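Engineer: The structure's right below; bear with me while I get my questions together.
Quick note: the coordinates plus some simple rules give every number you see, no bench work behind them. Everything numeric here is computed off the predicted structure, so don't read it as measured data. Ideal geometry is used to build each Cβ from the backbone, glycine not excepted, and the neighbour counts take in all protein chains shown.
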Amino acid sequence: MNDAYPRKLRIVVLAAGFSSRFGRPKPLARLHGVSLLRRTLCVARRLGAAPIIVVAPRNAARYRLEGRGFKVRWAANSRRAQGLSSSVRRGIAEARYSSAVLLMPADLMHLKSRELRRLVRRWQSAPRRLVARRIGLSGASPLILPRWLYARASTLTGDVGLRELVGALPEGSRVLVSVPSAAWDVDTPKNLQDARRRFRPGGES
């Protein structure tokens with residue numbers, strides 16, 4: 001990790017949501033026999049930053065089974081009813097001594113590690129800037145949050161706080177990067193059905 005990341009970067013996987021639109025825990029849904037959580041851990045591990053912090057529900061035994069074989073630090077979110085921002089706060093608290101955190105949801109079914117590396121390289125070249133996936137004129141996760149923004153991110157509420165944080169930053173404090181593979185997320189069972197038809201198992205990461 002020290003060779004790849006001269007400044008300490010921690011990866012935080014956000015996997016504690018209620019998945020209300022999906023109807024069951026999204027991180028445990030399977031695409032070609034592999035859970036979305038395990039696939040996310042595979043992609044994150046290729047970045048070389050370990051252990052990976054996974055924010056999960058309390059008493060998440062099935063989640064822990066999906067994490068077998070990975071270097072994972074589990075962080076239970078007992079306040080997940082407060083929305084995605086509660087998982088962000090929990091992850092930041094767990095990674096509070098790092099120089100930055102890479103925040104990534106567990107439902108990006110086609111995310112590629114080479115595109116995450118692009119985020120990391122941009123952060124390495126400007127470590128005080130927030131680096132986020134470009135969506136229009138603003139950005140969203142996956143994103144790299146530098147330490148000086150931890151306190152601000154810890155005040156977020158609800159489910160859309162991260163995007164609002166990115167949008168409120170002056171252009172000189174943020175870098176927006178194209179991450180095309182992050183466009184495919186799972187919100188509904190139909191999204192998963194479409195992905196099973198569209199994406200072949202064992203595709204490039």
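Engineer: Tell me the angle of helix 84-94 to the major Cα principal axis of the chain, expressed in degrees between 0 and 90 and rounded to the nearest ten.
Structural biologist: Relative to the chain, helix 84-94 is tipped by roughly 60 degrees.
Engineer: Length gain on complete extension for the stretch A168 to A93, per 0.36 nm per residue less the alpha carbon to alpha carbon distance?
Structural biologist: Once the chain is fully extended between A168 and A93, it gains 24.8 nm.
Engineer: Suppose every Lys and Arg Cβ carries +1 and every Asp and Glu Cβ carries -1, with no other charges. What dipole size does the stretch 16-96 come out with about its Cα centre, to the nearest 20 debye?
Structural biologist: 80 debye
Engineer: To continue, here is another question. Could you rank the peptides 179-190, 28-39 by their average count of other C-beta atoms within 10 Å per residue, with the highest value first?
Structural biologist: 28-39, 179-190
Engineer: Right, something else. Need the full-extension length gain, D185 to Q124, defined as separation in residues times 0.36 nm minus the C-alpha distance. One decimal, nm.
Structural biologist: Once the chain is fully extended between D185 and Q124, it gains 19.3 nm.
Engineer: Counting only DSSP beta bridges with both residues in the chain, what percent are antiparallel, rounded to the nearest 5?
Structural biologist: Approximately 40 percent, going by the DSSP bridge assignments.
Engineer: So between K71 and R30, what do we pick up on full extension, going 0.36 nm a residue minus the alpha carbon distance?
Structural biologist: Contour length minus the Cα-Cα distance gives 12.7 nm.
Engineer: With +1 on the Cβ of every Lys and Arg and -1 on the Cβ of every Asp and Glu, and nothing else charged, how large is the dipole of the chain about its Cα centre, in debye rounded to the nearest 20?
Structural biologist: 440 debye
Engineer: Enumerate the amide H contacts of L31 below 5 Å, restricted to partners 5 or more residues apart or on another chain; note that Pro and chain-start residues carry no placed amide H.
Structural biologist: Counting only residues 5 or more places away or on other chains, the set is L36.
Engineer: While we're looking at this one, here's another question. Using only helices, what value at 222 nm comes out for the chain when you add -39,500 (n - 2.57) per DSSP H run of length 4 or more and divide by the total residues, to the nearest 500 deg cm²/dmol?
Structural biologist: The helix-only estimate for the chain comes to -8500 deg cm²/dmol at 222 nm.
Engineer: Next up: If I model a spin label as a point 7 Å beyond the Cα along the Cα-Cβ vector, how far apart are those points for R197 and R64 in nm?
Structural biologist: Modelled inter-label distance: 3.9 nm.
Engineer: Another question about this same structure. Once Lys and Arg get +1 and Asp and Glu get -1 on their Cβ, which of N191, A75, S87 lies farthest toward the positive end of the dipole of the chain?
Structural biologist: Sorting the options by dipole projection puts first A75.
Engineer: Just want to confirm a number: the relative contact order over the stretch 78-164, from Cα pairs under 8 angstrom separated by 6+ residues, in percent.
Structural biologist: Result for the stretch 78-164 is 42 percent.
Engineer: Can you give the angle from 0 to 90° between the axis of helix 36-45 and the longest principal axis of the chain, with both taken from C-alpha atoms, to the nearest 10?
Structural biologist: The two axes meet at around 40 degrees.
Engineer: Take peptides 152-158, 72-78 and line them up by average Cβ neighbours within 10 Å, highest first, as a rough protection proxy.
Structural biologist: 72-78, 152-158
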